[in-house]
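The values are calculated or read from the model by the stated rules, or taken from the named source; none is laboratory data. Just so we're clear, the structure is a prediction, and the values are computed from it rather than from any experiment. In this analysis, Cβ positions are derived from the backbone assuming ideal geometry, glycine residues included, and neighbour counts consider all displayed protein chains. For accessibility, only protein heavy atoms count, side chains too; no ligands or nucleic acids. Shrake-Rupley method; radii C 1.70, N 1.55, O 1.52, S 1.80 Å.
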Amino acid sequence: MTPNEEGQRRAVWEENLKIIELHNEEYRQGKHSFSMGPVPTEKTRRCMKILRDQDNHCGSATRSSYPTVRAPRW
């Protein structure tokens, strides 16, 4: 993936995150009957970093198990 492609993907991810956060805030205000997500937790971020930086594992998923999946950079 080129730096430009990564930047475009990051921009899409950030826009989606804004939509999710706005919806979830409205959910907490009682405007919706469901929340959206999941929004990554700190544990998820650590696991994704491990997958991205090392050939390590997070639970039973390993980088080699999903060779075409790229972890987002947080």
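Points to keep in mind about this one:
- By accessible area with a 1.4 Å probe, ligands and nucleic acids excluded, highest first: order of ILE19, ILE50: ILE19, ILE50
- Qualifying chymotrypsin sites (Phe, Trp or Tyr not before Pro) in segment 1-36, where qualification requires a DSSP coil assignment and no more than 14 other C-beta atoms within 10 Å, comprise PHE34.
- Cβ-based net charge around ILE19, under 13 Å, with every Lys or Arg adding one and every Asp or Glu removing one: -4
- Here ARG10 sits with roughly 80 square angstrom of accessible surface, probe radius 1.4 Å.
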